[in-house]
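The values are calculated or read from the model by the stated rules, or taken from the named source; none is laboratory data. Computed from a prediction, not measured in an experiment: that's the story for all the values here. Every residue, glycine as well, gets a Cβ built from its backbone with ideal geometry; the counts of neighbours run over all protein chains shown. Note: areas computed on protein heavy atoms with side chains; ligands, DNA, RNA excluded. Shrake-Rupley method; radii C 1.70, N 1.55, O 1.52, S 1.80 Å.
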Amino acid sequence: MNVRNLWFKRFVPLFAMGILVVGLFATAGAETINVGSLNDMTGATSDVGKDYALGIAEAIHYVTDNGGVNGKEIKLYQFDYGYRVPEALTKYNLFKRLKCVAVLGWGTGDTEALSPTITKDKMPYVSASYSGHLANPQKTPYNLFFATDYSTNARAAITAWFDKKWPAHKDYGKRKPRFACSYMFASPYCSAPIKAIKDQATILGFEIGPDQDVSLFAIDTKSQILALKEFKPDLVWHGNTTMSVAATVRDAYSLGLGAGHIVNNWGYDENLPRLAGEAAEGVMGAAVCAFFGEDVPLMDKVVEYAKKYNPGIPPEKRLIRTVQAWGDVLILWEALKRADKAGDLGGESILKNGFETFENFDIHLGAPPVTYTSTDHRVAGQVPIYEWKDGAFRLVERVDLKGRWPDKWANEWLGW
Amino acid sequence: MRKKSLILKGFSVVVISTLLLACATAPPTPSEQNFQAPVVTLNWVEVAHYWGWWYFSKKIEPTKGTAGNYGAPLDLAFIFDVNNPNPYPVLMQNLRFTVAFEEFDLNTVGSAEMQWIPAGKTNQLRVHAMFDGRQSLLSLLVTGGFKLQEKGMGAGAGGAFKQLAVWWEGIPSVDFPIHVKEGSAVFNADDLMVVTSFSGTFPSE
């Protein structure tokens with residue numbers, strides 16, 4: 001065999017095979033799954049939206065570092081839409097062109113506007129809008145979230161106050177407790193659980209007073225507090241976001257309203273005591289998961305990734321919104337893994353082979369284990385209710401709505 | 001035949017020598033010990049596009065198009081120097097930062113386009129940030145109410161509009177400090193990763 005023959009017969013085929021193998025491995029290593037993320041980092045909800053957006057990106061890094069979707073990497077396309085609904089629709093079209101298999105959405109604005117489209121497109125849309133009516137898969141099968149919905153949270157919050165605070169009241173056993181609601185009437189987010197909380201107030205035997213219309217922009221709510229004083233409520237439910245809730249709680253404190261306060265999720269975070277000061281003492285709320293840095297499983301990773309990827313933001317400035325973002329990413333990750341294992345990463349498969357196979361799937365982070373069925377997308381019947389007390393958020397009660405009212409839970413409360 | 005063999009031998013010697021020379025002069029490879037975090041510095045800010053200050057509520061009938069709540073947009077460009085102190089190239093994966101006018105956070109923007117920075121060199125990166133008058137108004141109203149009141153701008157929409165007018169009308173001469181804060185940039189060298197934090201103010205204090 002001469003040198004030339006040796007070269008062509010042995011080395012060239014080996015070289016070609018090597019190239020082929022390297023090429024194949026390179027292709028396999030590059031396999032990605034595209035996911036879109038719509039966030040508000042500039043608009044009306046940017047105070048919480050930015051923290052949530054950072055949490056989404058950090059959680060995706062965690063997913064990548066832990067094997068991705070059965071070895072496939074998630075490529076995140078994250079955009080700020082400034083809470084402008086037309087821009088949300090535009091970005092959604094971009095996600096479709098990018099062949100995203102799912103979208104991590106944000107608030108009521110984009111979620112409501114896109115709901116019919118994503119249902120038609122069979123696009124899983126995991127968002128931070130927890131409206132109860134999005135939990136009915138007969139109407140909105142592709143809208144999902146890891147948290148208990150606003151209506152469930154509101155029922156749980158009023159129940160926790162009734163269980164833990166009302167028995168200690170001087171008028172307990174002498175009269176009905178009095179209850180009123182304070183929220184921006186025109187806001188779909190604020191008004192979403194009104195019907196449910198009043199229903200729960202009726203079940204528990206409250207006397208219900210007149211609602212107070214408080215703008216999301218309010219920093220002076222004295223006229224509403226004076227109106228409430230005529231009714232003398234024992235408990236006020238706040239449906240707004242943090243700044244106006246803080247203003248209302250402050251005014252209630254300074255004007256001596258003498259009522260307890262329960263707050264919906266997006267008005268109840270680490271900024272509430274910063275803004276409301278001593279008036280925040282005793283304020284209760286539905287947090288849907290643990291607060292940033294709280295001692296619960298997996299929180300160490302949330303904090304680690306926050307410090308690692310956003311070292312310029314002090315941990316004390318981070319909020320529960322980061323943890324909520326992780327919750328949504330973790331359920332999407334699990335659904336994608338299950339759908340991928342079933343061999344189909346289409347929207348319907350992600351829903352049927354993914355989400356709707358969850359049965360008490362534990363995402364940790366202080367959130368209740370997640371269950372979805374084909375007829376019910378409420379994730380859990382248990383809600384942790386917290387209280388701000390002595391400088392910390394403390395767990396008051398995990399209210400088990402499903403256990404206490406099983407018939408109503410199963411037959412009456414879904415979807416509103 | 002012998003001639004061909006000699007040519008192949010000669011060719012092999014040249015190839016091996018080249019490889020050995022390349023190995024001898026190869027720059028250090030990235031390692032945990034030698035990977036230094038690149039440095040990101042705000043160089044300057046410019047008003048990229050400007051429409052003045054105006055605001056129309058949805059009650060105003062437009063000449064064409066759809067009525068709505070519209071505030072003047074403002075397009076600022078932030079130019080950063082990104083220095084790679086390492087003796088090997090690094091890949092910048094992305095960069096993100098928050099923009100504050102005075103003490104009010106108004107925007108969080110970034111660049112997700114990857115770029116290589118040669119060993120020991122400095123790249124420049126331009127990041128545009130669009131400020132929408134309407135969204136900035138809502139952001140101020142929902143989150144900045146207490147601060148506006150403390151600043152003496154007044155409460156509610158009146159105070160927020162007054163503040164926006166000061167910024168939008170003052171931006172051509174940059175009459176107020178523009179802060180870049182909470183910045184982070186992700187860099188890779190081979191399988192290593194490092195995150196650089198940065199901040200800055202324009203005009204510089």
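At a glance:
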{"read-out": "Nearest-10 value in Å² for the accessible area of A:M41, using the 1.4 Å probe", "value": "20"}
{"read-out": "Order of exposure, largest accessible area first, which applies to A:D213, A:D149, A:D171 with probe 1.4 Å", "value": "A:D213, A:D171, A:D149"}
{"read-out": "Estimated distance in nm for a label pair at A:K317 and A:K408, the labels positioned 7 Å out from Cα along Cα-to-Cβ", "value": "4.4"}
{"read-out": "A:K337 - accessible surface, heavy atoms, 1.4 Å probe, Å² rounded to 10", "value": "50"}
{"read-out": "Interface residues in the stretch B:171-205 - accessible area drops by 20 Å² or more relative to the isolated chain, probe 1.4 Å", "value": "B:E182, B:S184, B:V186, B:M193, B:V195, B:S197"}
{"read-out": "Å² per residue, accessible surface of the stretch A:177-291 at 1.4 Å", "value": "31"}
{"read-out": "Positive-pole candidate from A:L351, A:I313, A:I331, dipole of the stretch A:293-356, charges at beta carbon", "value": "A:I313"}
{"read-out": "Exposure ranking of A:S215, B:S173 by accessible area [1.4 Å probe, largest first]", "value": "B:S173, A:S215"}
{"read-out": "Within the accessible area of the stretch B:109-205 (1.4 Å probe), percent carbon and sulfur", "value": "52"}
{"read-out": "Pairwise FRET efficiency - A:A227 versus B:Q36, Cβ, R0 = 51 Å, nearest 0.05", "value": "0.25"}
{"read-out": "Alpha-carbon spread of chain A, three principal axes, descending order, Å", "value": "108, 46, 39"}
{"read-out": "Per-residue ³J(HN,Hα) for the stretch A:341-356, Karplus 6.51 cos²θ - 1.76 cosθ + 1.60, θ = phi - 60°, Hz, x for Gly and Pro", "value": "5, 7, x, 8, 9, x, x, 5, 5, 4, 6, 7, 8, x, 3, 6"}
{"read-out": "Solvent-accessible ranking of A:K317, A:K170, largest area first, probe 1.4 Å", "value": "A:K170, A:K317"}
{"read-out": "Given charges at beta-carbon only (K, R positive; D, E negative), |dipole| of the stretch B:30-202 in Debye", "value": "560"}
{"read-out": "The stretch B:30-202: mean projected area of Cα convex hull, nm²", "value": "11.9"}
{"read-out": "Interface burial for B against A (accessible surface, 1.4 Å probe, total of both chains, Å², rounded to 100)", "value": "2700"}
{"read-out": "Extension reserve of the B:F176-B:E61 stretch, reckoned as 0.36 nm per residue once the Cα distance is removed", "value": "38.0 nm"}
{"read-out": "Accessible carbon and sulfur surface of the stretch A:276-364 relative to its total accessible area, %, 1.4 Å", "value": "46"}
{"read-out": "Theoretical ellipticity at 222 nm over the protein assembly as shown - DSSP helices of four or more residues, -39500 (n - 2.57) apiece, nearest 500", "value": "-11500 deg cm²/dmol"}
{"read-out": "Gain on full stretching of the segment that runs from A:K176 to A:K307 - 0.36 nm per residue minus C-alpha separation", "value": "42.3 nm"}
{"read-out": "Assigned charges on the beta-carbon of Lys, Arg, Asp, Glu; chain A dipole about Cα centre (debye)", "value": "800"}
{"read-out": "Cβ-Cβ FRET estimate between B:N69 and B:Q93, R0 fixed at 30 Å, reported to 0.05", "value": "0.25"}
{"read-out": "Extension gain, B:H128 back to B:S199 (0.36 nm per residue minus Cα-Cα distance, nm)", "value": "23.9 nm"}
{"read-out": "For the stretch A:281-396, the spread of Cα positions along each principal axis, largest first, Å", "value": "50, 34, 18"}
{"read-out": "Phi-based couplings in Hz for the stretch A:394-404 (Karplus 6.51, -1.76, 1.60; Gly and Pro marked x)", "value": "10, 5, 8, 6, 9, 7, 9, 5, 5, x, 7"}
